[in-house]
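Here's the structure we're looking at; comments come further down.
The values are calculated or read from the model by the stated rules, or taken from the named source; none is laboratory data. These figures come from a predicted structure and were not determined experimentally. Please note: Cβ atoms are built from the backbone with ideal geometry, for glycine as well, and neighbour counts cover all protein chains shown. Note: accessible area is taken over every heavy atom of the protein model, side chains too, but ligands, DNA and RNA are not part of it. Shrake-Rupley method; radii C 1.70, N 1.55, O 1.52, S 1.80 Å.
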Amino acid sequence: MTITQTQTRTRTEVQAPAAPPRRRRHRGSPNIAGALAATCWLVVVLVPIYWLLVGSLREQAGFLQGNQWLPPDNPTLDNYRTVLTSGFGTYLANSLVVTVGTVVLVVLAALLAAYVIVRNRRPVVRTAFRAILAGLAIPSHAVIIPIYFLITRLHLYDSLLALILPTAAFGLPVAILVTVTFMRDIPAALFEAMRIDGASEWRILWSLVVPLSRPAMITVGIYTAIQAWNGFLFPLILTQSPDMRVLPLSLWTFQGEFTVNVPAVLAAVVLSSLPLFAAYLVGRRQLLAGLTAGFGR
């Protein structure tokens, strides 16, 4: 090797940066307490679902015989056939109409009310907002008699509209509170920029507030849909005919004078839960985005 080659190799070794030392990955200790708590919660959730599914496959005659936690020796789908042939389609359609109508009414009303509350600083608006929040402390059971009186006076008794209006009214306080809390985080500079450009209030609401408030609207819609779908008191008091029954009230169909068809009731509960489960599978990403909106602000 010549002297020139030796000098060039030495310069290269000197100029070459040293390789950074490898850092050891510090793995934290496993969260045993959290894992045990999650496992216990999973058991609490899955055990009733398992018993519900197993019980819906039993026969009515031998429902109380044998171990209730083991699958039946002769599983049957007759309970599901009984439910499907007992007007389940009508009850499902009524529940869908009530749920969709309530969600649309609550989301629109909460969006408009929240916009006025956030953009208007008048004392009257603040007082009205406090009065709306006072509705959170009023349970529906305490005012069921005045609601019944109003529905009968409006000639809405035994109709789906009689279920939509009270359900939406009791869902508005929470919906307005969530929407106002989220809408207050929208920068005021965006409102001023659109106002300088000559945008009207409706234009600002549609082009600015609605897109930015979408997570809050999704959260309000999901919460309202669950409340409307599982509602039992208003359908029990404000409807009478079988054609106006919703899914929670349809369980009375399988109750006789002296006996109750428990497997059919369990099958009806399973079938009534499937639409909510399917909606969760379709919109679980939007659900998580709506529920966690605002935490990173």
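The table below lists the values:
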read-out: Condition check for residue 172: aliphatic (A, V, I, L, M), on the phi < 0 side of the Ramachandran plot and part of a helix (DSSP H, G or I); value: yes
read-out: Filter pass, residue 84 being touching a helix residue (DSSP H, G or I) at 6+ places or on another chain (Cβ under 9 Å) and free of Cβ contacts under 8 Å to residues at least 40 places away in the same chain; value: no
read-out: Pair list, Cβ under 7 Å, 6 or more apart: region 120-139 residue within 16 Å of residue 183 (Cβ to Cβ) and part of a loop (DSSP other than H, G, I, E, B), other residue polar (S, T, N, Q) and open to solvent by less than 80 Å² (accessible area, probe 1.4 Å); value: none
read-out: Helices (runs of 4 or more DSSP H) fully within region 186-230 counting 1 or more residues that are out of contact with any Phe, Trp or Tyr (no Cβ under 8 Å at 6 or more places or on another chain), surrounded by 15 or more Cβ atoms within 10 Å (Cβ to Cβ) and among the aromatic types (Phe, Trp, Tyr); value: 188-196, 214-229
read-out: Residue within region 138-156 that is more than 30 Å from residue 240 (Cβ to Cβ) and either open to solvent by less than 50 Å² (accessible area, probe 1.4 Å) or not small (Gly, Ala, Ser) (or both) present; value: no
read-out: Yes/no for residue 90 being at pLDDT 85 or above, part of a helix (DSSP H, G or I), open to solvent by 60 Å² or more (accessible area, probe 1.4 Å) and of a type in the set (S, T, N, Q); value: yes
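Residue-by-condition table, conditions (1) on the phi < 0 side of the Ramachandran plot; (2) open to solvent by 90 Å² or more (accessible area, probe 1.4 Å); (3) among the hydroxyl-bearing types (Ser, Thr, Tyr); (4) modelled with pLDDT under 90:
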site	(1), (2), (3), (4)
51	yes, no, no, no
64	yes, yes, no, yes
71	yes, no, no, yes
82	yes, no, yes, yes
